[in-house]
1. Give just the number: which of (1) among the basic types (Lys, Arg); (2) over 29 Å from GLY240 (Cα atoms); (3) in contact with a strand residue (DSSP E or B) (Cβ under 6 Å, 6 or more places away or on another chain) does ARG123 not satisfy?
2. List the number of the failed condition for ALA85; all other conditions in (1) outside any strand (DSSP E or B); (2) farther than 18 Å from VAL209 by Cα hold.
3. Condition check: of a type in the set (Lys, Arg), on the phi < 0 side of the Ramachandran plot and not in a helix (DSSP H, G or I). Does ARG358 satisfy that?
4. Sort out which residues of segment 58-100 are buried (at least 23 other Cβ atoms within 10 Å of the Cβ), acidic (Asp, Glu) and closer than 16 Å to VAL35 by Cα, and write them in order of number.
5. Are any residues in segment 320-339 touching a residue at least 40 places away in the same chain (Cβ under 8 Å), over 11 Å from ALA378 (Cα atoms) and either open to solvent by less than 10 Å² (accessible area, probe 1.4 Å) or among the β-branched types (Val, Ile, Thr) (or both), and if so, which ones?
6. Look through segment 337-355, keep the residues that are among the hydrophobic types (A, V, I, L, M, F, W, C) and assigned to a helix (DSSP H, G or I), and return whichever of them is nearest to GLY253 (Cα to Cα).
7. Which condition from (1) within 24 Å of TRP197 (Cα to Cα); (2) open to solvent by 10 Å² or more (accessible area, probe 1.4 Å) is the one that THR13 breaks?
8. Among the candidates VAL7, VAL39, single out the residue that is assigned to a helix (DSSP H, G or I), aliphatic (A, V, I, L, M) and in contact with a helix residue (DSSP H, G or I) (Cβ under 6 Å, 6 or more places away or on another chain).
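The values are calculated or read from the model by the stated rules, or taken from the named source; none is laboratory data. Small disclaimer: the values here were computed from a predicted structure and weren't measured. For neighbour counting, all protein chains shown are included, and Cβ atoms are generated from backbone atoms with ideal geometry for every residue, glycine included. Note: areas computed on protein heavy atoms with side chains; ligands, DNA, RNA excluded. Shrake-Rupley method; radii C 1.70, N 1.55, O 1.52, S 1.80 Å.
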Amino acid sequence: MTRDVYVLDAVRTPIGRYGGGLAGVRPDDLAAHVVREIVARSPGLDPARIDDVLLGDANGAGEDNRDVARMAVLLAGLPPSVPGATVNRLCGSGLEAVVGASRAIALGDASICLAGGVESMSRAPWVLTKPEQGYPRGHETLHSTTLGWRLVNPRMPEQWTVSLGEGAEILAERYGITRDAQDEFALRSHQLADRAWHDGGYADEVTLVPDTDVERDESIRPNSSLEALGRLKPVFRPDGTVTAGNSSPLNDGASILLLADAAGAEQSGRAPLARVVSRAVTAIEPHLFGIGPVAAAEEALRRAGIGWDDLDVVELNEAFAAQSLACLAQWPDLDPKIVNPQGGAIALGHPLGSSGSRILGSLAWQLHRRGGGRGLAAICIGVGQGLAVVLEA
């Protein structure tokens, strides 16, 4: 018999823009900060009782190498007896970490876990492949590890290795999603995110990073307009519809959740924010990655024994407006008004390894403030996967 798994707390940094206020902070330090903060927020929690720390990280090529989760445990000052593991499911890494920790607790392998993710896209390094022989005569090429494909295996079909933005263009074309619809979706994201910050919607979950001046998510543009968005040129196709304005930006940030079974919750002295009801991961052709959440969300709902009408809040990570709208087009029974009511990644930002745990933590806090209800968090994943989790408060 499996155990119930509870979200006891969720905390994140403000999300910094590329080259912005968090660019000077190493990713292992960002991760250590949220680990340290979430433990401090539960004075009754004995850190030595933490069974494992799982962190998602999509890059791992720079200062986040060498198992950034274990580095965060040590840098945060937790007892060296607390283990840590880093997982990589690209954009879904943070949510994957939570899924893995929740399964360990449900099966009785753990009682208390920390799970989340981290990414510094600003500090992602360039990499240089080793030459096939010593003393190469030609030029060597540095590859950016910030985002997307690099060092592509020549055996991989070309159709599958298109850029993420081109994948969004493919979906816009396939589903007839206009430029105007994308810009309207993006503007809504900025307006709702700005309103949520003004109304205190993020007060419970955001912790400021020491020695930085970032006080809220840096990518939000409260003064954006349809006219301003309409002036931006397409990025991926000359005659396309996907622009920098209706896409998520490059970002830095970290997020983490405190998970426990009933005994762990009692030991921590925390009342649960929500309970993990179900989880699902699915896959699709790589170039159609943007609709990866469709099947994952449907499967998570099936496992929870509920339908779209039973949900009160949905957090859908906004990699691109076209991608999000393509998902919504396949969920006709979902009320779009309950999707990302506090804004999404187009406004808040998309620090890859952190985004999945960011949306789940925000979902838990929203359900808690509502006094109960059900919610779903879903995220698309590069190379064609989708991940979803259902919570109940």
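1. Result: ARG123 passes all but (3).
2. (1)
3. Numbers: of a type in the set (Lys, Arg): yes; on the phi < 0 side of the Ramachandran plot: yes; not in a helix (DSSP H, G or I): no.
No, not satisfied.
4. Correct list: ASP64 only.
5. Going residue by residue through segment 320-339, those that are touching a residue at least 40 places away in the same chain (Cβ under 8 Å) are 320-327, 329.
Now restrict to residues that are over 11 Å from ALA378 (Cα atoms): 320-323, 325-326, 329.
Within segment 320-339, ALA321, ALA322, GLN323, ALA326 meet the criteria.
6. Taking segment 337-355 as the starting set, the residues that turn out to be among the hydrophobic types (A, V, I, L, M, F, W, C) are 338-339, 345-348, 352.
When the remaining residues are screened for being assigned to a helix (DSSP H, G or I), the result is 338, 345-348, 352.
Working: ILE338: 25, ALA345: 12, ILE346: 15, ALA347: 14, LEU348: 11, LEU352: 9 Å.
By that ranking, first place goes to LEU352.
7. In the conditions (1) within 24 Å of TRP197 (Cα to Cα); (2) open to solvent by 10 Å² or more (accessible area, probe 1.4 Å), THR13 misses (2) alone.
8. Numbers: VAL7 fails: assigned to a helix (DSSP H, G or I).
Checking each option against the conditions leaves just VAL39.
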